[in-house]
1. Could you please give the count of residues in the stretch 145-165 that are within 19 Å of GLU100 (Cβ to Cβ) and either surrounded by fewer than 19 Cβ atoms within 10 Å (Cβ to Cβ) or aromatic (Phe, Trp, Tyr) (or both)?
2. Take the stretch 321-348 and flag every residue that is of a type in the set (Gly, Ala, Ser), exposed (fewer than 11 other Cβ atoms within 10 Å of the Cβ) and either within 23 Å of SER310 (Cβ to Cβ) or in contact with a helix residue (DSSP H, G or I) (Cβ under 9 Å, 6 or more places away or on another chain) (or both).
3. Residues that are at pLDDT below 95 and farther than 27 Å from LYS194 by Cβ, at least 3 per element: which helices (runs of 4 or more DSSP H) completely within the stretch 254-332 meet that?
4. Taking the condition at pLDDT 95 or above, open to solvent by 10 Å² or more (accessible area, probe 1.4 Å) and of a type in the set (A, V, I, L, M), does LEU181 pass?
5. Would it be correct to say that VAL135 is closer than 21 Å to GLU9 by Cβ, open to solvent by less than 20 Å² (accessible area, probe 1.4 Å) and modelled with pLDDT of 90 or more?
6. I'd like the residue in the stretch 106-159 that is among the β-branched types (Val, Ile, Thr) and out of contact with any Leu (no Cβ under 8 Å at 6 or more places or on another chain) and, out of all such residues, is farthest from ASP79 (Cα to Cα).
7. Modelled with pLDDT under 90 and of a type in the set (D, E, K, R): is that true of ARG344 in this structure?
8. Out of everything in the stretch 217-262 that is over 18 Å from GLN282 (Cβ atoms) and of a type in the set (Gly, Ala, Ser), what residue ends up being surrounded by the most Cβ atoms within 10 Å (Cβ to Cβ)?
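The values are calculated or read from the model by the stated rules, or taken from the named source; none is laboratory data. Just so it is clear, the structure is predicted and the values come from calculations on it, not from any experiment. A quick note on method: Cβ atoms are made from the backbone with ideal geometry, for glycine too, and the neighbour counts reach across all protein chains shown. Accessible surface is based on the protein model in full, side chains and every heavy atom, while ligands, DNA and RNA are left aside. Shrake-Rupley method; radii C 1.70, N 1.55, O 1.52, S 1.80 Å.
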Amino acid sequence: ELFEKKSYELRIAGGAVRDLLSGVTPQDIDFATTATPAEMKEMFTAAGVRLINNKGEKHGTITARLQEQNFEITTLRIDVVTDGRHAEVEFTTDWHKDAERRDLTVNSMFLGLDGTLYDFFNGYEDLKNKKIRFVGKAAERIQEDYLRILRYFRFYGRIAETPGDHEPITLQAIKENAKGLAGISGERIWVELKKILTGNHVNHLVQLMYELDIAQYIGLPLDGNLEEFARVTKNIQNLSPKPMTVLTSLFKGKDDVTNLDLRLKISKEEKNLGLFLVKHRQELTKASGPEPLRPYQDFLMDSREANTNSKIFELLKYQGEEQLLREMQAWTVPSFPVSGHDLRKMGVSSGKEIGTALQQLRDEWKKSGYHMDKEELLSCLKKV
């Protein structure tokens with residue numbers, strides 16, 4: 001209503017339109033408008049609408065807070081200068097020009113608040129046909145911001161139905177511009193890469209990254225283990241693994257994890273998970289016999305580190321052990337039933353003896369599969 005009163009046009013833009021047309025509830029809704037940031041500020045201030053102070057203003061974005069929600073509204077713009085990482089923009093009132101500078105056709109649509117779809121580049125057609133295409137010439141869009149290479153892969157993994165349905169000219173443009181990714185910050189790359197790793201067609205897309213010479217510029221090992229990657233991505237299809245769990249299957253050793261961290265600045269937790277998987281994926285495996293979970297349970301009971309159980313869950317996903325994963329998630333870590341106090345009551349007095357006795361009883365308890373109770377354990381001690 002505010003915008004209408006002032007005769008400024010306001011439409012929903014980009015990702016939210018794509019989601020609405022796909023029948024998905026959008027996570028957040030961005031708006032585009034013909035009003036400039038100064039005009040919006042004046043209008044919102046006069047109406048008593050709270051503005052969230054953020055750094056988007058020089059790019060044309062104002063954030064208004066209404067009914068406990070933030071809304072980003074961006075003035076239509078044209079990129080004047082681009083350097084492959086950021087753009088200098090000038091404002092426009094031309095919707096077509098604004099759509100033209102967006103990355104993919106499925107992200108370049110606008111939706112009027114009356115339900116009219118404004119689609120200058122056949123984005124709706126592409127969405128229905130599950131096609132991912134750059135707006136205009138792929139090479140030009142990529143050179144404006146090299147991160148768009150990874151955005152292409154991410155949306156391919158979200159929207160395309162089958163692997164391998166790419167336009168040759170697009171793949172050519174990606175290959176020719178791959179090294180532009182070397183200049184993009186690790187943090188931005190990691191955000192996109194994580195989404196690719198948890199989307200569809202991940203095996204196909206990562207193999208493609210190697211074929212198109214992208215891998216080396218985004219922190220992946222030159223000689224990534226693609227056979228293991230193919231095997232593991234099949235294992236974990238329905239297990240919702242963490243992105244790092246999927247990625248670690250490319251790695252041959254801990255240096256690969258360190259190099260990834262140097263390039264992408266991954267979190268400490270992610271780095272530790274990668275190192276854990278590389279170290280234990282081969283030898284920490286299920287036992288044959290009636291208690292397949294025992295090695296994992298013993299490892300957890302002996303571990304002195306935090307988060308060991310969540311790392312073991314990820315290891316079971318990596319190994320494709322769906323049934324064991326469920327059992328392990330349902331298993332509660334038992335607490336050791338005997339304390340030093342119990343031993344003092346039995347007449348063991350010196351601290352050193354108590355320590356030794358407790359360790360022996362812990363070993364007995366472990367051998368019993370953590371089933372022995374306090375009485376059984378203390379009667380063991382009497383025998384000793």
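1. Number satisfying all stated conditions: 3.
2. Result: ALA330, SER335.
3. In the stretch 254-332, 294-302, 322-330 are the helices (runs of 4 or more DSSP H) which contain 3 or more residues that are at pLDDT below 95 and farther than 27 Å from LYS194 by Cβ.
4. no
5. Yes: the conditions hold for VAL135.
6. Per the criteria, the residue is THR116.
7. For ARG344, the condition - modelled with pLDDT under 90 and of a type in the set (D, E, K, R) - is met.
8. It comes out as GLY219.
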